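Derivation of every value follows stated rules applied to the coordinates shown; laboratory data play no part. Remember, predicted model here, so these are calculated numbers, not experimental data. Here Cβ is always computed from backbone atoms with ideal geometry, including for glycine, and neighbour counts include all displayed protein chains.
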Amino acid sequence: MQNDRNNLMTELQNFSPSSDEKKFIPRFIDLLKSDRSFYRDHFNPGHITGSAILLNPEGTEILMNYHKSLDKWLNFGGHADGDEDILAVAIKETMEESGMTAFKPISSDFIDIDIHEIPANNNKNEPAHYHFDIRYVMQMTENQQPVVSDESLELKWMTFDEALKVSDKSLARLINKIKEGL
């Protein structure tokens, strides 16, 4: 497991971030020094998460996820729960939240990083904290019917422009990177 943490640290140090992402690199590196950085109960300042944009087989649409507790459209992703292989985390979360398995990563390299605040959740006894998100791109290898999970209210295939209209600044940055062919 130490190897995955060290690999991630090296990948972050070698990553070519956008101007928005540059400020995140030192914060990620500091977080990775904590033994518990890959666990969801590490709240100060937060924990590593893995996520992905899921493209249709033609690469023309994105499957968006209307997240139940955050009440907004998002890509797929979630907690590492101790797993330091963040690509594997992004794949697992995409499967769980989309109900689909016929997809693969476009690359084993992440294309975006983000740090975003998660509000306190009194039902789960969780304080406000940050998700240090490592983001990948997945593409369907065949058509499958998505299945809404317990975490979602709706799943919807959207064009890039439709997805951009319902995205916050951070998700829009990720979508634009894919749209521009990065």
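Data overview
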read-out	value
Cα-projected label distance for L70 with D150, points at 7 Å along beta-carbon direction, nm	1.9
Pairs of lysines in the chain (C-alpha under 17 Å apart; 8 or more residues apart or interchain)	14
Added length on full extension, which subtracts the Cα-Cα distance from 0.36 nm per residue, Q13 to K177	57.1 nm
Rounded to 5, percent antiparallel among DSSP beta bridges of region 6-149	65
Length released on extending from D41 to R27, taking residue separation times 0.36 nm less the Cα-Cα span	3.2 nm
Scattering curve values for region 2-179, log₁₀ I(q)/I(0), Debye with Cα scatterers, q = 0.17, 0.18 Å⁻¹	-1.09, -1.23
Value of [θ]222 nm, deg cm²/dmol, for the chain, DSSP H segments ≥ 4, -39500 (n - 2.57) each, nearest 500	-8500 deg cm²/dmol
Span from the region 94-161 Cα centroid across to the region 36-64 one, whole angstrom	5
Burial ordering of W73, W157, fewest other beta-carbon atoms within 10 Å first	W157, W73
